[in-house]
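Single-structure report; data block below.
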Amino acid sequence: MATVRPAEEGDLPGILDTDRQSGRNPSATSALAAALADPNRLVVVAESGGEVVGWGKTHYWDYPDGPAPAGHYLGGVTVRPSQRRQGVGAALTAARLHWIWDRTPDAWYVVNAGNTASIGLHSAWGFVEVARAARFHTTTFDGGTGLLLRAHRPGRGLAQEPAFRRRAL
């Protein structure tokens, strides 16, 4: 069972270890610390047994870039291989979406067009394609094609829940 909560500075070693275990280059500690301190961003962790087993973040772009508008975007999610397919990624996504929808009616997300697992996960929240391009803001895509997707805040249900609450899986 994992719990999702806002990340704290003490979670940085667990986040970096999660990146390593997932075969990713660990995120820059200074960039993560800056994200934690930024009121326009959210970093969340999923923990189980006192260990970070997954994490995710949001981005805020204060300027448009071609078809990609200014706004709140979901950033990446990383889940330790031993915890995948257990709902951790979905819980991290739900927490970030609640946070975004408490601030604005639209959540944005960019993804590689070939990442069907991520596209499928996000479709559960109503994300639909808005544009295709080789780059959105600072993100480029392997294979050259990325998708810009948007999800509107639901009129009832999710958006009516508290801004952030702990979620147990």
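The values are calculated or read from the model by the stated rules, or taken from the named source; none is laboratory data. Since this is a predicted model, take the numbers as computed values, not measurements. Note that we place each Cβ from the backbone using ideal geometry, even for glycine, and neighbour counts take in every protein chain shown. Surface areas here come from the heavy atoms of the whole protein model, side chains and all, with no ligands, DNA or RNA. Shrake-Rupley method; radii C 1.70, N 1.55, O 1.52, S 1.80 Å.
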Search segment 34-50 for residues that are under 11 Å from Glu8 (Cα atoms) and pair each with any residue that is open to solvent by 70 Å² or more (accessible area, probe 1.4 Å) when their beta-carbon atoms are under 8 Å apart and the residues are at least 6 apart or on different chains.
Leu36/Glu8; Leu36/Glu9
May I ask you to verify whether Leu32 is open to solvent by less than 60 Å² (accessible area, probe 1.4 Å), more than 26 Å from Thr104 (Cβ to Cβ) and at pLDDT below 95?
no
Give me the residue from segment 136-167 that is basic (Lys, Arg) and at pLDDT 90 or above and, out of that set, farthest from Ala107 (Cα to Cα).
Arg153
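Among the candidates Ala90, Ala113, Ala95, which residue alone is open to solvent by less than 40 Å² (accessible area, probe 1.4 Å), among the hydrophobic types (A, V, I, L, M, F, W, C) and touching a Ser or Thr at 6+ places or on another chain (Cβ under 6 Å)?
Numbers: Ala90 fails: touching a Ser or Thr at 6+ places or on another chain (Cβ under 6 Å); Ala95 fails: touching a Ser or Thr at 6+ places or on another chain (Cβ under 6 Å).
Result of the check over Ala90, Ala113, Ala95: Ala113.
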Among the listed residues Trp61, Trp55, which satisfies the condition of being at pLDDT 90 or above, among the hydrophobic types (A, V, I, L, M, F, W, C), surrounded by fewer than 18 Cβ atoms within 10 Å (Cβ to Cβ) and touching a Gly at 6+ places or on another chain (Cβ under 9 Å)?
Trp61
Note on segment 8-29: residues surrounded by fewer than 18 Cβ atoms within 10 Å (Cβ to Cβ), touching a residue at least 24 places away in the same chain (Cβ under 8 Å) and in contact with an Asp or Glu (Cβ under 7 Å, 6 or more places away or on another chain) are none
